[in-house]
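Written out below as structure tokens is the structure these notes cover.
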Amino acid sequence: MDFESGVDRISIVTLAPITADRFIFGSDPVAPVSGGAFILYDTDNGHLRVDPNGPAVGASELMAVLVGAPTLVFADLVFGL
């Protein structure tokens, strides 16, 4: 996916609101707590994942790969039904 932070947006369908504290980014990010969904962005490889229940049972799911691992900030994400 070709993406430019501040210009492009990524729309994510959710049943519950996601807040900025639930957007975790960095090298091989991991949700820090259980209870609720997290959006994980790996700044090394551009993998954008959703983790529906934090570090509880089950793995995160790959949603997209941003080619070249560009900058991605919470404001680049749009959530809704």
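Listed values, structure above:
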item: Cα centre as origin, Lys/Arg/Asp/Glu Cβ charges: the chain dipole, Debye; result: 260
item: Gained length - Ser27 relative to Asn53, 0.36 nm times residue gap less alpha-carbon distance; result: 7.4 nm
item: Antiparallel bridges, percent of DSSP beta bridges restricted to the chain (to nearest 5); result: 50
item: Under 18 Å from the Ser11 label point (7 Å along Cα→beta-carbon), backbone N, the range 47-81; result: 63-65, 75-81
item: Relative contact order of the chain, defined on C-alpha pairs under 8 angstrom at six or more residues apart (%); result: 37
item: Reciprocal of mean inverse Cα separation for the chain (Kirkwood radius, Å); result: 12.7
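Any read-out appearing in this document is the output of simple, stated calculations on the displayed coordinates, not a laboratory observation. Worth saying up front: this structure is predicted, and the values here are computed from it rather than measured. Ideal geometry is used to build each Cβ from the backbone, glycine not excepted, and the neighbour counts take in all protein chains shown.
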